[in-house]
Amino acid sequence: MRRISVFGATGSIGVNTLDLIARRPEEFSVLALSGGRNVDLLASQARGLRAEIAVTAYEDCLPALRAALHGSGIEAAAGTAALIEAAERPADWVMSAIVGAAGLAPGFAALRHGTTLALANKESLVTAGPLLLAEAARHGARILPVDSEHSAVFQALAGEDMAAVERVIITASGGAFRDWPLERLASATVAEASCHPNWAMGQRITIDSASMFNKALEVIETKEYFGIAPERIEVLVHPESLVHALVGFRDGALMAHLGAPDMRHAIGYALNWPERAELPVARLDLAQIGQLSFRAPDETRFPALRLAREVMATGGTAGAAFNAAKEEALDAFIAGEIGFLAMAQLVEEVLAQMSGAGGLGNSALSLDNVRETDTEARARARILISTRRI
Ligand code: NDP
């Protein structure tokens, strides 16, 4: 039996992960599950899979979680320290699927017991990639990518020599506003940005797809995880979302990974790695699909990709500032405080202020300065929002 923990169990990735685990009860036992405010779902998941402990990130949700688990014998806990404590309990396979920078600490804690960490939380690599990889190496742990593009690159690279890799191309559906003109984007609503054309995902990543901030995070994630130079990473808009990534080799060969837009594919690959097991995902009928289309991304309408390149060039804690400012911008957009295009303006302004203020690229990366940079970027973003300078 493999012991499994899932952080972010109540989210889109978490639910898909538990769907795969529940299909093979003889192979997996569930140790810890975590959620946020969706306590009813967390409790029902914990009961259904007979987890040892369920943790909500929020202290004020603990009474409701305790009540929902009453009589089950399942431990209930709450708060950041409890999340870390649960992540420190030895598991064979841990899913990191909390959304945002909050996912960083539990992932680090899990690596310390040498686990296999399936990493959906791309923010961990964007904010602290070198630290996370070093922690994994130190403890003999393994990080497997869960983002569909990165899982695709990982699969295309199997058995290949990294020295022979010329370029990596990650695809982007283009999100909800792929074909919208710039003028219309200014008045895009939260509801419009929350509808992804191909993927069913959490609201935050769906809006990040519409603004291309998701792809910007993924470009940085590619650099950090695979150690590929930024100039060798390309983004290609592919509206059908069937080709997830391509790897180009020095002999001109291009290896593409295709699959239905279903996250259980990438999650299942990480769950079964290094083997391939049967997965309940649709099989592609290419004759019926007929055509696949590709085009270059438009960085005028979607400046997030340009900002990602600047962040990679700066290095240091620039990723932490970028992600924190982006999270604040997203919160402000969802709350109706700023418009859709103002998100990128806000992130750009925070990065400009912080580069001027002390040089993000100069700071040696440590968990402490990642946290400090995150706090400072959020504070600067909040000031810009509240004083309506964006
Ligand atoms: P969701 O918003 O659907 O779920 C997020 C999960 O994190 C929920 O369990 C939520 O709890 C929990 N959570 C929210 N805030 C906090 C917090 N402050 N502390 C601890 N837990 C919290 O997100 P997704 O599943 O869409 O995405 C999860 C991660 O996976 C993200 O990093 C995303 O970028 C990445 N990813 C997602 C993909 C997808 O298809 N969805 C594809 C590739 C990567 P609750 O809901 O109970 O409040």
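The values are calculated or read from the model by the stated rules, or taken from the named source; none is laboratory data. Here the structure is a predicted model, which means the values were calculated and not measured. Neighbour counts run over all protein chains shown; Cβ positions are idealised from the backbone, glycine included. Areas reflect the complete protein model, heavy atoms only, side chains present, ligands, DNA and RNA absent. Shrake-Rupley method; radii C 1.70, N 1.55, O 1.52, S 1.80 Å.
Here Ala191 fulfils each of the conditions (1) modelled with pLDDT under 95; (2) more than 20 Å from Thr222 (Cβ to Cβ); (3) of a type outside the set (Ser, Thr, Tyr) apart from (1). Do the conditions hold for Thr127, that is, is it away from the ligand (no atom under 13 Å from the Cβ), in contact (Cβ under 8 Å) with a residue 24 or more places away in the chain and at negative phi? Answer is no for this residue. Total residues in segment 25-43 satisfying the condition of being polar (S, T, N, Q) and touching a residue at least 60 places away in the same chain (Cβ under 8 Å): the figure is 1.
Each row is one residue, and each column tells you yes or no for (1) within 18 Å of Phe322 (Cα to Cα); (2) open to solvent by 20 Å² or more (accessible area, probe 1.4 Å); (3) in contact with a strand residue (DSSP E or B) (Cβ under 9 Å, 6 or more places away or on another chain); (4) among the polar types (S, T, N, Q).
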residue: Pro130; (1), (2), (3), (4): yes, yes, no, no
residue: Gly140; (1), (2), (3), (4): no, yes, no, no
residue: Ser148; (1), (2), (3), (4): no, no, yes, yes
residue: Phe177; (1), (2), (3), (4): no, no, no, no
residue: Glu183; (1), (2), (3), (4): no, yes, no, no
residue: Trp199; (1), (2), (3), (4): no, yes, no, no
residue: Asp208; (1), (2), (3), (4): yes, no, no, no
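Which condition number does Ala136 fail, the rest of (1) surrounded by fewer than 20 Cβ atoms within 10 Å (Cβ to Cβ); (2) not in a strand (DSSP E or B) being met? Ala136 satisfies every listed condition except (1).
If I filter segment 12-56 down to residues being surrounded by fewer than 24 Cβ atoms within 10 Å (Cβ to Cβ) and small (Gly, Ala, Ser), which single residue comes out as farthest from the ligand (Cβ to nearest atom)? By that ranking, first place goes to Ser29.
Mind checking which pairs have a first residue in segment 134-158 that is within 12 Å of the ligand (Cβ to nearest atom) and a second that is basic (Lys, Arg), Cβ under 9 Å, 6 or more apart or different chains? Partner pairs satisfying both residue conditions: Pro145/Lys122; Val146/Lys122; Asp147/Lys122; Glu149/Lys215; His150/Lys122. Listed by first and then second residue, the pairs linking a residue in segment 277-299 that is under 14 Å from Gly259 (Cα atoms) to a residue that is at pLDDT below 95 and open to solvent by less than 100 Å² (accessible area, probe 1.4 Å), with Cβ atoms under 7 Å apart and 6 or more places separating them unless they lie on different chains, form an empty list.
Residues of segment 264-307 that are touching a strand residue (DSSP E or B) at 6+ places or on another chain (Cβ under 7 Å), over 30 Å from Glu349 (Cα atoms) and open to solvent by 50 Å² or more (accessible area, probe 1.4 Å): Trp273, Leu284, Leu292, Phe294. Within segment 244-260, the set of residues being closer than 18 Å to Pro197 by Cα and surrounded by fewer than 19 Cβ atoms within 10 Å (Cβ to Cβ) comprises Leu258, Ala260.
Residues checked against (1) more than 30 Å from Ser363 (Cβ to Cβ); (2) in contact with a helix residue (DSSP H, G or I) (Cβ under 6 Å, 6 or more places away or on another chain):
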{"site": "Ala245", "(1), (2)": "yes, yes"}
{"site": "Ala260", "(1), (2)": "yes, no"}
{"site": "Trp273", "(1), (2)": "yes, no"}
{"site": "Arg276", "(1), (2)": "yes, no"}
{"site": "Leu292", "(1), (2)": "yes, no"}
{"site": "Arg295", "(1), (2)": "yes, no"}
{"site": "Phe302", "(1), (2)": "no, no"}
{"site": "Ala313", "(1), (2)": "no, no"}
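Of the helices (runs of 4 or more DSSP H) that lie entirely inside segment 178-269, those containing 3 or more residues that are within 16 Å of the ligand (Cβ to nearest atom) and over 19 Å from Leu330 (Cα atoms) span 213-226.
Of all residues in segment 307-327, none that is free of Cβ contacts under 8 Å to residues at least 40 places away in the same chain has its Cβ atom under 9 Å from the Cβ atom of a residue that is open to solvent by 20 Å² or more (accessible area, probe 1.4 Å), 6 or more apart or on another chain. Taking the criterion of being among the aliphatic types (A, V, I, L, M) and not in a helix (DSSP H, G or I), the residues of segment 270-292 that qualify are Ala277, Leu279, Val281, Ala282, Leu284, Leu292.
Which residue is nearest to Val15 (Cα to Cα), if the candidates are limited to segment 57-96 and must be open to solvent by 20 Å² or more (accessible area, probe 1.4 Å) and within 10 Å of the ligand (Cβ to nearest atom)? Going through the qualifying residues, I end up with Ala57.
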